[in-house]
Amino acid sequence: MNTNKTVDLKIIILGSLGVGKTSLLNRYVNNRFTEEYRTTLGACILTKQIRVDNMLVKLQIWDTGGQERFKSLVPSYSKGSDGCVLAFDVTDQDSFYALEGWREEILRNIPSGCEDYPFIVLGNKIDLTDRQVASDEAEAWCKAQNIPYFEVSAKQGINVGHAFENIARNARLQDAEGKDCYLTKSISLGENKKSERQKCC
Ligand code: GDP
Ligand code: MG
């Protein structure tokens, strides 16, 4: 196997406002966390290079720009993506119920033949004690959809890296199968993306 080959993958993160999407990305990419609540402004793209199954993978992770209420953003946001992280807050039942809507919206935009598009679900804020969503309930829903489930805490850095490695692996497997449903080859990590990154978070 050629271990020097780099694969570019676009991963998106969706979920209700306040569930901790930006915090999860900040934990994963920068190993940082802030209590301060700041709505993500503009397009926010974070990149991280990791090794998956002996292959270099450049993850380009897209955060919603504070527009979580607008399902209409999904088609343009998910275009060219290789996988999707669905996030909810274990202390907020409504954010869990909202997952179905996000998933349906993605599936509606996936070309036929690409139904095995990779998802993972993250139940965030497990450091808090006032849970509204039991592990069993979340696990059962994910199992029914055949989606891997991870309980995480962006605040304490619990399980975050493990979860992103899982979606990266599954997204890479899709790529390795030669599926061009997600337009992976069109992603450019050039100057434009850099300036987008500087505008946000
Ligand atoms: P987003 O709107 O989904 O991007 O959510 P943010 O990342 O902006 O986080 C919303 C709020 O939840 C912020 O005040 C964060 O500090 C807080 N938060 C995020 N992740 C965690 C976590 O794992 N544990 C706790 N206790 N708070 C968190
Ligand atoms: Mg945000």
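The values are calculated or read from the model by the stated rules, or taken from the named source; none is laboratory data. If you're wondering where the values come from, they're calculated on a predicted model, not measured in any experiment. Please note: Cβ atoms are built from the backbone with ideal geometry, for glycine as well, and neighbour counts cover all protein chains shown. Just so you know, the surface numbers come from the protein's heavy atoms only, side chains and all, with ligands and any DNA or RNA stripped out. Shrake-Rupley method; radii C 1.70, N 1.55, O 1.52, S 1.80 Å.
Worth a mention:
- All positions within the range 107-120 that are surrounded by 14 or more Cβ atoms within 10 Å (Cβ to Cβ) and hydroxyl-bearing (S, T, Y): Y117
- Hey, K5 more than 22 Å from V133 (Cβ to Cβ), surrounded by fewer than 19 Cβ atoms within 10 Å (Cβ to Cβ) and at pLDDT 95 or above or not: no
- Any hit, the range 76-84, residues being free of Cβ contacts under 8 Å to residues at least 12 places away in the same chain, part of a helix (DSSP H, G or I) and closer than 21 Å to L9 by Cβ: yes
- If you go through the range 121-163 and pick out every residue that is in a helix (DSSP H, G or I) and surrounded by fewer than 13 Cβ atoms within 10 Å (Cβ to Cβ), you end up with 5.
- Every pair of residues 6+ apart whose Cβ atoms lie under 7 Å, when the first sits in the range 117-141 and is in contact (Cβ under 8 Å) with a residue 24 or more places away in the chain and aromatic (F, W, Y) while the second is open to solvent by less than 50 Å² (accessible area, probe 1.4 Å) and within 16 Å of ligand 2 (Cβ to nearest atom): F119/C84; F119/L86
- Complete set of residues in the range 107-125 that are modelled with pLDDT of 95 or more and under 19 Å from R169 (Cα atoms): P118, F119, I120, V121, L122
- Meets criteria (open to solvent by 30 Å² or more (accessible area, probe 1.4 Å), touching a Pro at 6+ places or on another chain (Cβ under 9 Å) and farther than 23 Å from G18 by Cβ) for N166: yes
- If you go through the range 63-106 and keep only what is at pLDDT 90 or above, within 16 Å of the chain's Cα centre (by Cα) and open to solvent by 60 Å² or more (accessible area, probe 1.4 Å), you end up with just E104.
- Any hit, the range 126-142, residues being modelled with pLDDT of 95 or more, under 19 Å from the mean Cα position of the chain (by Cα) and more than 24 Å from K71 (Cβ to Cβ): yes
- Only residues that are over 28 Å from R32 (Cβ atoms) and part of a loop (DSSP other than H, G, I, E, B) were counted in the range 103-120, giving 9.
- Tabulated pairs, the range 12-34, first farther than 17 Å from V121 by Cβ, second open to solvent by 30 Å² or more (accessible area, probe 1.4 Å) and polar (S, T, N, Q), C-beta under 7 angstrom, 6+ apart or interchain: R32/N26; F33/S23; F33/N26
- In the range 111-166, the residues that are in contact with an Asp or Glu (Cβ under 7 Å, 6 or more places away or on another chain) and within 16 Å of ligand 2 (Cβ to nearest atom): N124, K125, K155
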